[in-house]
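Participant: One structure follows; several queries about it will come next.
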Amino acid sequence: MKTVVVYKSLTGFTKKYAEWIAQELKADLLVTKEIKLLLKYDVIIYGGSLHAVGISGINLIKNNLKKLKDKNLVIFTTGASPVKQSTITDVKNNNFSEEEQKQIKFYLFRGGFDFNKLSFKYKIIMTLFKWKIQLTKNKTPEEKGMLAAYLKPVDFTNKEKIKELLEYVYLLE
Ligand SMILES: Cc1cc2nc3c(=O)[nH]c(=O)nc-3n(C[C@H](O)[C@H](O)[C@H](O)COP(=O)(O)O)c2cc1C
């Protein structure tokens with residue numbers, strides 16, 4: 001099975017998981033917006049960072065699901081907050097219809113947060129988000145963690161977490 005890992009990463013956390021996965025699967029590793037580059041592969045693994053319930057760059061896959069109907073599709077996203085089943089469900093439902101979900105296997109990994117590495121546009125968005133949390137009464141542990149991460153970058157990436165994804169891909173072969 002020819003496998004490719006393609007990713008979009010703003011500050012390096014998704015990149016790290018993509019590199020680990022590609023290395024373990026001896027897969028090609030790409031950063032591209034061109035679907036035609038992916039069509040020669042049997043297994044396509046896409047990774048993008050979590051933005052609210054959106055997955056950065058996911059339109060590359062979403063807009064081409066018909067072309068990819070015979071491929072094995074694996075999508076992963078990385079977020080700063082701890083992994084929760086409810087987030088997995090929300091992200092899946094927000095990005096893919098019930099029918100589309102049958103075509104993909106989905107994983108959420110914990111990434112990290114590094115405000116200083118964000119582009120100007122995302123610094124503005126995330127500053128507004130910080131103000132919103134600051135104004136929230138009775139902050140959740142996740143909100144408190146997020147505020148702390150603005151002051152000091154956090155990295156929760158963990159190679160162990162890719163095991164389940166790797167096993168899924170091995171079983172395709
Ligand atoms: C606009 C924006 C929205 C985000 N929303 C979330 C979120 O809803 N939940 C979460 O856990 N992390 C969120 N994050 C944090 C990123 O998902 C996290 O830093 C990710 O690991 C970054 O991966 P990257 O460096 O590959 O882009 C957000 C980051 C940005 C810039």
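Just so it is clear, none of the values below were taken in a lab; they were calculated from the coordinates. Remember, predicted model here, so these are calculated numbers, not experimental data.
Participant: Provide Rg over Rh for region 80-163; use the alpha carbon set for both Rg and the Kirkwood Rh (inverse mean inverse pair distance).
Facilitator: 1.02
Participant: Around Leu30, which amide H atoms from residues at least 5 apart in sequence, or from another chain, sit under 5 Å from its own amide H, with H modelled in the peptide plane?
Facilitator: Val5, Val6, Tyr7
Participant: So what's the chain giving for Cα Rg divided by 2.2 N^0.38 Å, two decimals?
Facilitator: In units of the globular-protein estimate, the chain measures up at 1.05.
Participant: Relative to the longest principal axis of the chain, what angle (0 to 90°, nearest 10) does the C-alpha long axis of helix 13-25 take?
Facilitator: Roughly 30 degrees, rounded to the nearest 10.
Participant: Let me ask something else. Using θ = phi - 60° and the Karplus relation 6.51 cos²θ - 1.76 cosθ + 1.60, list the HN-Hα couplings for region 57-64 in order, rounded to whole Hz, with x at every Gly or Pro.
Facilitator: Each residue of region 57-64 in turn: x, 5, 4, 3, 7, 4, 6, 10 Hz.
Participant: Follow-up question, since we're still on this one. Between the helical axis of 141-151 and the dominant principal axis of the chain, each derived from Cα atoms, what acute angle in degrees is found, rounded to the nearest 10?
Facilitator: The two axes meet at around 80 degrees.
Participant: Also: How much length, in nm to one decimal, is gained on full extension between Lys69 and Lys33, taken as 0.36 nm per residue of separation minus their Cα-Cα distance?
Facilitator: Going from the current span to full extension adds 11.1 nm.
Participant: How compact is region 1-91 by the rule of thumb for globular proteins, expressed as Cα Rg over 2.2 N^0.38 Å?
Facilitator: So the Cα radius of gyration is 1.04 times the expected 2.2 N^0.38 Å.
Participant: I want to verify the translational diffusion coefficient of region 114-173 in µm²/s; compute it with Stokes-Einstein, Rh as the Kirkwood radius over Cα pairs, at 37 °C and 0.692 mPa s.
Facilitator: Once the numbers are plugged in, D ends up at 233 µm²/s.
Participant: Moving to a separate point now. Using only Cα atoms, locate the centre of region 117-132 and the centre of region 1-69, then give the distance between them in Å, rounded to an integer.
Facilitator: Centre-to-centre distance over Cα atoms comes out at 25 Å.
Participant: Most fluctuating residue of Leu135, Leu50, Leu38 in a GNM of the chain with Cα springs under 10 Å: which is it?
Facilitator: Result for the chain, Cα springs under 10 Å: Leu135 fluctuates most.
Participant: If I fit a long axis through the Cα atoms of helix 120-135 and take the longest principal axis of the Cα atoms of the chain, what angle between them do I get, 0 to 90°, rounded to 10?
Facilitator: Between the helix axis and the principal axis of the chain, the angle is about 50 degrees.
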